[in-house]
Amino acid sequence: NRLMGISAEPESSLTYDELLKTKFTNYPKTETSKKLIKAAISDNDFMKNLEQFQIDEITDCMYPVEYAKDLYIIKEGDIGSAVYIIEEGTLEVTKGGRFLSKMGPQKMFGELAILYNCTRTATVKAITDCKLWAIERQCFRTIMMRSGLLKQKEYIEFLKTVPSFSKLSDEIVLKIANVLDEITYKKVNVTINDRNNTVLSSPSRDQNMNLTTSTTMALEKFIRTLTRGEFFGERALQGEETRSANIIAESPTVTCLVIDRASFNQLISGLNEIKTKRYDQDISERKILNERFAHLK
Ligand code: CMP
């Protein structure tokens, strides 16, 4: 979900505003260390979808710690208090006394107990002297949740500017904001031809998408340009099985907020605006095409 898979738990007792305002200490570090930390975050399977600003914030908040050879950094079954990245040294991971793996520089560990609010899933021990970077649990979780909240706020504000959604209750707008995915299309022939999603709108003012129809004879006809705040892709989700037109990115990149079929049906499809959206131009286009190809039928 939008809070990046972080589960709700009693420790997150901060209010919305407190969560947004909390500031953490930044620890100075060399460019080389910053690079290493960022690379470690990007390499981690559970972290690689983070936003760049989250990666930057986590990097700034990490502080240095050293462990001598043979010391335990994490013990299986404990409650997790920090996430680590290795700068120097070799560490060993074991579970129930069984060897799992060795880890070296530019590797993140200790993230599971904190992301998923479970106890430590394995034991981690220094097998040489080690230099690590660490980030406290609360700091790490706040950064992760904060970005979710900021995105949520941005989506809510945007959805309220879309005329079709302006009459929706705050509750429904919040629910829509929570299920949206953001997808960026490049200016190549992007055809929205999947069956499961609808695209709500393109957020940026200078971004356009072109709506065209094509027949099986490969004749493509321009219909209109769609801009920020317009929605498309809703028809095929309302009973019609196949997409009735192609939508092609015209600007170098177009960012769309996308909602899946199940959420669309649950939250949006009953809206009058969407039910009654008319495609007058579209209808006249069809007439032209029908007339043009009448002799082939
Ligand atoms: P966490 O469960 O918080 O604490 C122990 C850490 O060991 C865990 O997060 C992972 O980062 C790491 N870990 C768990 N299983 C493995 C594995 N099979 N190989 C390497 N690292 C692991």
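Some values worked out for this structure:
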| quantity | calculated |
| --- | --- |
| Kirkwood Rh (inverse of mean 1/r, distinct Cα pairs), the stretch 1-146, angstrom | 15.7 |
| Rounded Å value of the spacing that divides the Cα centres of the stretch 110-154 and the stretch 78-109 | 13 |
| For Met62, residues with placed amide H under 5 Å, excluding near neighbours | Tyr27 |
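Read-outs: derived from the displayed coordinates by stated rules, not from any lab. Please read all numbers here as calculations on a predicted model, not as lab measurements.
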